[in-house]
Amino acid sequence: MSKEIKTIGVLTSGGDAPGMNAAIRSVVRTAISKGFRVMGIERGYNGLIHDEVREMNVRSVSEIIHRGGTVLYTARCLEFMQLEGQQKAAETCRKYGIDAVVSIGGDGSFRGARDLSKQGIPCIGLPGTIDNDIACSEYTIGYDTAMNTAVEMIDKLRDTTQSHDRCSVVEVMGRHAGYLAINVGIATGALITLIPEEPWDLQKDVIDRMMDTRGTGKKHFIILVAEGVGHVQELAATIQKITGIESRATVLGHVQRGGSPTLRDRVVASEMGYRAIELLEQGIFNRVIGMKGERLVDYDIDEALAMHKEIDELLPTIAKTISI
Ligand code: ADP
Ligand code: F6P
C-alpha cells in the first residue's frame, strides 16, 4: 500500500497499562518533529465512531511521562467490531484528514487496527498490556510496573501473614496468561504459583507441598494464583479445612493497572512510539511493534495475530526448586 501520510491519529484501547502515556507522548512528539500533524483519538475506537478527536501539539503531552492511565482514555468498543462501525470510524478519519492510526493496546486492539486498515486507514500497533500476553513481543508496555506493584503489595501482605502464622492466597491479574504471576511468584518467594497455562492438583501441588514445607519449620505461606485460575476464596477455605492452617484470600485487582510507570516501561514505550512514526514515515504500514531480546522488531498485523507465545518452562521449575 503506498499512501502519503500527513496526519497521524493515536489512540489507546482495551485495558489500560502504565506507560501508555509515555507511548502517546513519544508518538506525538516524534511525529511533530518529523513534520506530521497529530490527532488524539479518545476512548479507543469509540472516539472514531463518536467523533472524539482533537489535535495534539508538543505541549498536549507535557507532564504525562510519569503518570499511569492514559490521557486519551480507553474503552472497549463493541460497535467497532461490526463492519458498519469500522466504516464509520474510517469516515471520521477522512473527516479529520487522519491518514494513519497508531493503536496502543492488546490483541483485540490489533484486530481492530487490522479491520481499520481494511477500510483504507493504515495502522501501527504498539503492545500495551500488563499481562505481557502479546505473542509477537517478549515485552509489553505496563508489564514491569504491574509486576513491581504486585511485589510491593505482596511484601506488605507477607508481614501480616508471617505475624499470624497464616496462609495467604493471593490473586494477581492475568485472565488468560500467567507471565505476571510466575515472575511475581519468584520475586515474592511464593511457595506455590498457579497459572492458567499449567494444570494443577490440589493435593499434590498445594496441600502436600505446604505440609512438606511445614515439616522444615515454616509456618506461613504465600500461594499466588493468576486471575485465570481464580477461586481464591474457595481455595483459602479448602486449605484451612484440610490443613488447619488459618488462611485468607486477597485479590490485588485493578490497583495493578495503575501507578507511575517504571523506568523500563517509560523507555520501552518511548522507543516503540518513536519506531511507530519511523515506520509510517518510511511508508511501512500495518505492523505491530514488539521486543525481541532488547531490540525492537515489527511484524505484519496478520502475522503478529497468528503467533503463539509459550510460558518459559524454566521459570516454573526455578520457582519450584527455590521456593521451599
Ligand atoms: P485488548 O486490546 O487489551 O486485547 P480488547 O480485546 O477488549 O482489549 O479489544 C479492545 C477493542 O479492540 C475492542 O473493544 C474493540 O473495539 C476492538 N476489537 C477487538 N477485537 C476486535 C475484532 N475482532 N474486530 C474489530 N475490532 C476489535
Ligand atoms: O489488562 C489486562 C487485564 O488486566 C486482564 O488481566 C484482566 O483479565 C482484564 O484486564 C480485566 O480488565 P477489565 O476489568 O477492565 O475488563
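At a glance:
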{"quantity": "Estimated 222 nm signal from helices in the chain, with DSSP H stretches of n ≥ 4 weighted -39500 (n - 2.57), rounded to 500", "calculated": "-12500 deg cm²/dmol"}
{"quantity": "Beta bridges per DSSP with both ends in the chain, % antiparallel, nearest 5", "calculated": "25"}
{"quantity": "Once exposed loop GluC sites (Glu not before Pro) are cut out (DSSP; at most 10 other Cβ, 10 Å), longest piece of the chain", "calculated": "64-293"}
{"quantity": "Those trypsin sites (Lys or Arg not before Pro) in region 179-237 that DSSP places in a loop and that have at most 13 other beta carbons within 10 Å", "calculated": "219"}
{"quantity": "Acute angle (nearest 10 degrees) that the helix 83-96 long axis makes with the longest principal axis of the chain, alpha-carbon atoms", "calculated": "50"}
{"quantity": "Cα-based shape type of region 256-324, given that a ≥ b ≥ c are square roots of the gyration tensor eigenvalues and the cut on a/c is 1.5", "calculated": "oblate"}
{"quantity": "Sequence of 318, 239 once ranked by neighbouring C-beta atoms within 10 Å, starting from the fewest", "calculated": "318, 239"}
{"quantity": "Pair residue 155, residue 51: separation of 7 Å Cα→Cβ label points (nm)", "calculated": "5.1"}
{"quantity": "Rounded Å value of the spacing that divides the Cα centres of region 194-233 and region 243-261", "calculated": "15"}
{"quantity": "Kirkwood-based shape ratio for region 193-324, expressed as Rg/Rh from alpha carbons", "calculated": "1.12"}
{"quantity": "Between helix 143-163 and the chain: long-axis angle, C-alpha atoms, 0 to 90°, nearest 10", "calculated": "20"}
{"quantity": "Rounded, prolate or oblate (a/c below 1.5 giving rounded, otherwise prolate when a/b exceeds b/c) for the chain by Cα gyration tensor", "calculated": "prolate"}
{"quantity": "Gap separating the Cα centres of region 111-153 and region 1-80, nearest whole Å", "calculated": "14"}
{"quantity": "C-alpha long axis of helix 232-243 to longest principal axis of the chain, angle in °", "calculated": "10"}
{"quantity": "Paramagnetic reach from residue 175 (point 7 Å along Cα→Cβ, amide N under 11 Å) across region 100-141", "calculated": "108"}
{"quantity": "Order of 30, 70 under a 10 Å beta carbon neighbour criterion, fewest first", "calculated": "30, 70"}
{"quantity": "In order through region 115-131: 3J(HN,Hα) via Karplus (6.51 cos²θ - 1.76 cosθ + 1.60), integer Hz, x for Gly, Pro", "calculated": "5, 5, 5, 5, 8, x, 10, x, 9, 10, x, 10, x, x, 6, 6, 7"}
{"quantity": "Of 241/320; 218/309; 156/320; 95/309; 34/309, those spanning more than 32 Å from alpha-carbon to alpha-carbon", "calculated": "218/309; 95/309; 34/309"}
{"quantity": "P(r) histogram, all alpha-carbon pairs of region 1-71 included - 5 Å bins from 0, percent", "calculated": "3, 18, 26, 24, 19, 8, 2, 0"}
{"quantity": "Fewest-first ranking of 168, 163, using other Cβ atoms within 10 Å as the exposure measure", "calculated": "163, 168"}
{"quantity": "DSSP-loop trypsin sites (Lys or Arg not before Pro) across region 1-60, with at most 16 other Cβ within 10 angstrom", "calculated": "3, 6, 34"}
{"quantity": "Coarse-grained scattering of region 25-149 at q = 0.13, 0.17, 0.18 Å⁻¹, given as base-10 log I(q)/I(0) from a Debye sum over alpha-carbon atoms", "calculated": "-0.53, -0.92, -1.03"}
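We did not get these values from a lab; they are worked out from the coordinates using the rules stated. Model, not experiment: these values are computed from the prediction. Every residue, glycine as well, gets a Cβ built from its backbone with ideal geometry; the counts of neighbours run over all protein chains shown.
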